[in-house]
Amino acid sequence: MPDTEKAVFLQIQNSKKPDQIISVIMSDSDAHFKTQGLKGFFDLEEIWIERNEFLVSMEEYAMLLSFLLETMSAAQDLNLPYSYMENFEHKGQRYTLIVRDGHRVLKKKGQL
């Protein structure tokens, strides 16, 4: 019987390492989407994005998650430590990535 509480909404594949795929999971019980796979590949906290914000800017967030996946992978290949930046910019847009309850909450700057 399928798990109706959580459904894979999107999968993002590393273009340089096709075996590295993370999923974006939609949870019926919470108002967010979350990544699944970052902990397994890189031992990093999973990322949560508020549901309404993700749906409004889905392509933008998919491209951002792809960028983060590939930078994490590149750091791993070079045996360099990788850590999230709480404030950063990508393609002219500023974001925050704040620790909350064992995961990271990703938001566009100004939506705190």
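The values are calculated or read from the model by the stated rules, or taken from the named source; none is laboratory data. Just so it is clear, the structure is predicted and the values come from calculations on it, not from any experiment. A quick note on method: Cβ atoms are made from the backbone with ideal geometry, for glycine too, and the neighbour counts reach across all protein chains shown.
Odds and ends about this structure:
- Residue among 88, 41, 67, 33 that is of a type in the set (Phe, Trp, Tyr), outside any helix (DSSP H, G or I) and either farther than 11 Å from residue 106 by Cβ or in contact (Cβ under 8 Å) with a residue 12 or more places away in the chain (or both): 33
- Selected residue (criterion: surrounded by the most Cβ atoms within 10 Å (Cβ to Cβ)) from residues of segment 16-35 that are among the polar types (S, T, N, Q) and at pLDDT 95 or above: 35
- Subset tally (residues that are in a loop (DSSP other than H, G, I, E, B) and either surrounded by 11 or more Cβ atoms within 10 Å (Cβ to Cβ) or polar (S, T, N, Q) (or both)) for segment 97-112: 2
- Filter result for residue 59 (part of a helix (DSSP H, G or I), over 12 Å from the mean Cα position of the chain (by Cα) and closer than 21 Å to residue 89 by Cβ): yes
- Hits in segment 100-112 (condition: among the hydrophobic types (A, V, I, L, M, F, W, C) and either in contact with a His (Cβ under 9 Å, 6 or more places away or on another chain) or closer than 23 Å to residue 10 by Cα (or both)): 105, 106
A quick yes/no check of all residues on (1) closer than 16 Å to residue 10 by Cβ; (2) among the hydrophobic types (A, V, I, L, M, F, W, C); (3) outside any helix (DSSP H, G or I):
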| site | (1), (2), (3) |
| --- | --- |
| 22 | yes, yes, yes |
| 49 | yes, yes, yes |
| 55 | yes, yes, no |
| 71 | no, no, no |
| 75 | no, yes, no |
| 84 | no, no, yes |
| 95 | no, no, yes |
